[in-house]
Structure formats: structure tokens, C-alpha cells
Amino acid sequence: MLRNKKSGWAFAIGGVATVCALTVIVTSQMASMPAQASTLVQSEPKDEKVPTIPRRKLPEQKMLTWKELKPEEKSPERKDKVVLTDEQWKEKLTPEQYRILRAHGTEPAFCGVNLDQKGEGIYFCAGCDLELFVSETKYVSGTGWPSFFMPYQRENVWMRSDRSLGMVRVEVLCSRCDGHLGHVFPDGPEPSGLRFCINGNALQFKQFAN
Ligand SMILES: [Zn+2]
């Protein structure tokens, strides 16, 4: 009886993992092109409380273009840099946030948080609470990761060349804590033509309260 119960659970857990893994394979092949809406979208947990912040005026900025996104060799200087030891990061972040932000991991497509978030507000860095993206630049790319066509402010992110996995991609990092956020591609929608493909677990969404 016990054995049957156990194998039932093992099967159920294995089934979920297989769906995410298959989705990763499919979407990794689609990483360099915009995908159409998928039927595999999974909703994020409904009982998760979204923090709120007062509505604020967003910074005005010039629209970015692909040519202006020059990959840099090293992290840009800031007066408010957040530098923690590996142990401190492990204490501060969830294992999944640590794997993405500090170890350059990627969450499985359609399995992360913030993908289906449609509220009005700001997406902050899950590592250092810096403003990274705003809801009005978020769009449904169909890739399985939260996608934006502009950052909150150009200086809040920085880009570097990523030659891992046999591809040349442009990595996006937080300019305050240097946390890995995702990648940017030149196949986004108007007006910038950019697709910031960001791990949902690297972001903390805060909704405008009024
Ligand atoms: Zn950060």
C-alpha cells in the first residue's frame, strides 16, 4: 500500500518535471526568435501576496535601440553598489534566486514567477531592490519568460557578451549588484525592437497601490 502511494507521488512529480523540461527544449530553440502564444502557459500561484508601492512618475528616457546596447567588459561604476559574499547571498536569496542571479542559471520556460503578471507596477531586482523594468514595457513574447522592450532606466542594467552554450548572446545584468537577469535580443516589438528576456525569479514585482 505504502509502496503504491510512493510510486504514485513519484509519477506525479516526474510528470510535472517532464512538462517543464520539454518546454525548455522547445523554447531554447526559439530563443533567438519571437514565438507565438503557447498553450503551455502555467499560471503562477494565486495565493502569493504582491507587495504594493505608491504610484510614481516614471523616469523619462530616450528609446533604446539594438545598436546602443554595447556589451561592456566590466561592471559600470555606481556609488550605491551592493557587494555581498557568497554566503550572504545564499542567506538573502531563495535557492532558485541564487542559482539565477549569482550562478547565471536560467529558470525553465513557463515555470517561473512573474510570467503572467499583468498588474501595473515596477519590477525590482530580487537581489538588491533596484528598479529594473516597468509593467508598461512588458509584453507577451510567447517564449515562456517575462519579456520587456525597455529597462526602467538605461543605467540600471548593463550588458556583456555571453558566449556560453555555443551561442553568442547579450547577457543583461543588474548594475547595482551585478546579478544575472537574462538576455536581450533584437527581435522585440516596436518602438525599441528589443526583447529583454528575463528570468521571473530575478525580479520582485511591486504593484502600484493607487
Ligand atoms: Zn540588483
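Here are the numbers for the structure shown:
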| quantity | calculated |
| --- | --- |
| Any hit, segment 187-199, residues being farther than 18 Å from THR94 by Cα and within 11 Å of the ligand (Cβ to nearest atom) | no |
| Subset of segment 155-210 [in a strand (DSSP E or B), acidic (Asp, Glu) and crowded, with 18+ Cβ neighbours inside 10 Å] | GLU171 |
| Residue satisfying all of: in segment 135-170; free of Cβ contacts under 8 Å to residues at least 60 places away in the same chain and touching a Pro at 6+ places or on another chain (Cβ under 9 Å); nearest to the ligand (Cβ to nearest atom) among these | VAL157 |
| Criterion: part of a strand (DSSP E or B) and either within 14 Å of the ligand (Cβ to nearest atom) or within 22 Å of ARG55 (Cα to Cα) (or both) - qualifying residue of LEU132, LEU115 | LEU132 |
| Verdict on ILE122 being among the β-branched types (Val, Ile, Thr), under 11 Å from the mean Cα position of the chain (by Cα), within 15 Å of the ligand (Cβ to nearest atom) and not in a loop (DSSP other than H, G, I, E, B) | no |
| Residue list for segment 68-120, restricted to those being at positive phi and surrounded by 19 or more Cβ atoms within 10 Å (Cβ to Cβ) | PHE110, ASN114 |
| Tally of residues being in contact (Cβ under 8 Å) with a residue 40 or more places away in the chain and either of a type in the set (D, E, K, R) or within 14 Å of the ligand (Cβ to nearest atom) (or both) across segment 85-98 | 2 |
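Just so you know, all these numbers are worked out from the coordinates, no wet-lab data involved. Everything numeric here is computed off the predicted structure, so don't read it as measured data. All Cβ positions, glycine included, derive from the backbone under ideal geometry; neighbour counts span all protein chains shown.
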